[in-house]
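S.K.: Pasting in a structure now, in structure tokens, and then I'll have a few things to ask.
The values are calculated or read from the model by the stated rules, or taken from the named source; none is laboratory data. Please read all numbers here as calculations on a predicted model, not as lab measurements. With ideal geometry, Cβ positions are generated from the backbone for all residues, glycine too; neighbour counts draw on all protein chains shown. Side chains included, ligands, DNA and RNA excluded: accessible areas come from the protein's heavy atoms. Shrake-Rupley method; radii C 1.70, N 1.55, O 1.52, S 1.80 Å.
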Amino acid sequence: MLFLLSLVAAFAQPYFPNQNNTTTDKLQVIYLDNSASMSVKKGVRTLLDIAKEAALKQVNTAAPDSRIVILTNDKPSTYEPITKEKAIATLQKVELSALSKNDHQILQALQERLETAAMPQAQLYYYSDFQKHGFAATPDKKLLQNITFYGIPFQSESVSNVYIDTAVLAQPLLQSGVNNQLVVTSRYSGAAPKDAPILQLQINGQVKTAVALQFDEHQESIDTLQFQVAASGWQQIELSVNSTTPFDDTFRIAARSNSHLSVLVLHEQQPNPFIQAALRSYGGFQTTYHSVHDTEPWDANNLILLDGITTIPNSLAQRISKALSQGQSVALFPGRTNEYSSFSEQLNVIAPIRITGIDTTTQVATTLQPNSDLAKDIFERIPDNVQLPQANWHYTVNAGLTSNQQTVINFRNGDPLFAQFTPTRGRLYLLTTSADLQGGNFQTSYFFVPFLYQMTVQSKTGNVLATTVGSAQPTFISIPHTGERNMIHAYSSNAEAPIIPPQRVRGAGVEVFVGKVIQQPGYCSLVAASNDTTLIALNENRDESLLMYWSETELRKQWNAENIYWAGANQETITQSSSSFPLWKICVVMAVLLLIVETYLLTSNLRGSRIATTE
């Protein structure tokens, strides 16, 4: 009877849940890092292959009724828990992705999932190489509430990676038929390369030049490549370097040749020599100088710059308001006048901005806003001790809320030296002093020429476009009359059908979030119903190129709490603690033992009866 009972129980496959890890009230989550850095090889296999095998082993040993959530970098983090069989199938399909997520994003998504799920707690199994850029040095205790964290690191002992960090055209515009210069900064991470890597430049698939990289003590190589383009229009510029880790060996740029930036300079008396010199320093500017009283049309210009203005007649104020309503950019560099109250009233017609006085104290600006639209794209890194401009005098300005003021450079007391306003669709830039030697040294500072360039290009589609896969930064496209029936479509060789990326109207165009929908590096065409086409390049996330990992010792020391566990080389400790103990195996053993006992008793009874009969 005991044998039959054990046999029936074995086929029923019961199990005892682990007392330390009950699966019925905890959400089981597996995060498998499939970012580009996981393509690094350990032996003959990639880190992703090794991590995937370990994750599959964990799922295979889980209880039959387990419900598991699988998270990766390129999949939504709102998946419902799936069965053990579906989890295995999902893991087997995981491939490398150009997208990446950090621990903060994963934990935050998991906390949101816990709020909507019926389970109050979660177990997170974190399979990753634990790069320093994507994994915090210390845990966020708030994000780890109700979460048991299991870290399983997979790293290569020694690796060297050469990658292209930045590539910038020496001039803001690409010219056909003349020599163009491309300044390329290359770096390496990990061990130094044994041989000098070769950097190669291709234009529209045709090799133009190549150079051997020579790295300095800062692990950096800066090279200037010269090239020519034969035709006008959009060009596909591609830089490649031979590296042992090829996931980030290509850097792409989309540049439009023979496209001028038009600047209209209006002045009261005579042209400003500093503005003339600044606009000549970039060969792509097409500059026109007129008196402020001229009535030439403004529509074709990227930037309208009013210099030395001390009065704004009503007709001029109306033209400025119209230009701003159409999305154009207007820069106002005023002259000094004691009749600033009249000037203020005229300025208030354009936007709710008033001049309240003149500060004649010589002051040095103290703050530059690095996240402003003028500064964030032209400086790789702003030094802490950067020398800011000085003003010998400046107008004190009071702006209303509807002017949407953004201070770019300001003084210690908070007064702006240079500010941006967006009262309507266009942008109004205001320098609160004059752009001459009497006003100060802004026109001779490091910021003057880059700011002029940024003010000019931000009103139209840029001539050099590149972004990063997964980036949340938009690309501005000056395509008018877009709406629900005239959306911008993205065409990519990696997508079978056109995609409609997220987009929003700004000024005289549209901001398009290409990086949110295109998940593979390459080139993408943005097309509107008017058949206006813009080419944009998408590159890999350069953070993945920094192959610097937290060691297992550092992880155990820094991420140390009661709800944090590390597997290290022995992953079995985690796998066994997270799985339930199968009772059916004991039932099988008991059935076999009872069968042996039953057989023994039967044979012994049979032998005893034979002896009795013989006697």
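S.K.: Just to confirm the filter: which GluC sites (Glu not before Pro) across segment 194-281 are DSSP coil and have at most 16 other Cβ within 10 angstrom of their Cβ?
M.R.: Glu217, Glu268
S.K.: Magnitude of the Cβ-charge dipole of the chain, K/R +1 and D/E -1, about the Cα centre, nearest 20 debye?
M.R.: In total the dipole reaches around 960 debye.
S.K.: With every protein chain in place, what's the accessible area of Trp584 (1.4 Å probe, Å², nearest 10)?
M.R.: 90 Å²
S.K.: Just add up the charged neighbours of Ile275: K/R +1, D/E -1, any other residue whose Cβ is under 13 Å from the Cβ of Ile275.
M.R.: -1
S.K.: Can you show me the helix-derived [θ] at 222 nm for the chain, built from DSSP H runs with n ≥ 4 at -39,500 (n - 2.57) apiece and divided by the number of residues, rounded to the nearest 500. Don't jump to the answer; show the numbers that get you there.
M.R.: Details: 11 runs with 135 residues, N = 615.
My calculation for the chain gives -7000 deg cm²/dmol from helical runs alone.
S.K.: Taking square-rooted eigenvalues a ≥ b ≥ c of the alpha carbon gyration tensor, is segment 59-102 rounded, prolate or oblate, where a/c under 1.5 means rounded and, failing that, a/b exceeding b/c means prolate?
M.R.: prolate
S.K.: Could you sort Tyr453, Tyr429 by their accessible area in this structure, using a 1.4 Å probe and putting the largest first?
M.R.: Tyr453, Tyr429
S.K.: Here is a follow-up. With every protein chain left in place, what is the accessible area per residue of the chain in square angstrom, probe 1.4 Å?
M.R.: Accessible area per residue, the chain: 49 Å².
S.K.: So, with a 1.4 angstrom probe, what is the percent of accessible area on the chain that is carbon and sulfur? Before the final figure, lay out each step's value.
M.R.: Working: 15160 of 30040 Å².
C and S fraction of accessible area: 50 percent.
S.K.: Tilt of helix 340-350 relative to the longest C-alpha principal axis of the chain, in degrees (0 to 90, nearest 10)?
M.R.: 50 degrees
S.K.: With an 8 Å Cα cut-off and a minimum separation of 6 or more residues, compute the relative contact order for the chain in percent.
M.R.: It comes to 16 percent, rounded to a whole number.
S.K.: Right, next: Between Rg and the Kirkwood Rh of the chain, both from Cα atoms, what is the Rg to Rh ratio?
M.R.: We get a ratio of 1.15 for the chain.
S.K.: Report relative contact order for segment 85-240 in percent, whole number only (criteria: Cα-Cα under 8 Å, sequence separation at least 6).
M.R.: 18 percent
S.K.: Among 323-330, 442-449, 385-392, how do they line up by average Cβ neighbours within 10 Å per residue, starting with the highest?
M.R.: Numbers: 323-330: 21.5, 442-449: 19.2, 385-392: 15.8.
Sorting 323-330, 442-449, 385-392 by mean packing, highest first, produces 323-330, 442-449, 385-392.
S.K.: Are any of the pairs Lys322/Lys516; Lys41/Lys557; Lys376/Lys460; Lys84/Lys142; Lys376/Lys516 more than 24 Å apart by Cα-Cα distance, and if so, which?
M.R.: Lys322/Lys516; Lys41/Lys557; Lys84/Lys142
S.K.: Another question, then. Please calculate the 1.4 Å probe accessible area of Met548, with all protein chains present, and give it to the nearest 10 Å².
M.R.: 100 Å²
S.K.: If you take the square roots of the eigenvalues of the alpha-carbon gyration tensor of segment 291-435 and sort them as a ≥ b ≥ c, do you get rounded (a/c under 1.5), prolate (a/b over b/c) or oblate?
M.R.: Since a/c reaches 1.5 but b/c is at least a/b, the shape of segment 291-435 is classed as oblate.
S.K.: Which Cα, out of Thr72, Leu124, Leu114, lies furthest along the positive dipole direction of segment 66-163 (beta carbon charges, K/R +1, D/E -1)?
M.R.: Towards the positive end, the residue furthest out is Leu114.
S.K.: Might you work out the accessible area of Arg252 for me, using a 1.4 Å probe with all protein chains in place, and round it to the nearest 10 Å²?
M.R.: 30 Å²
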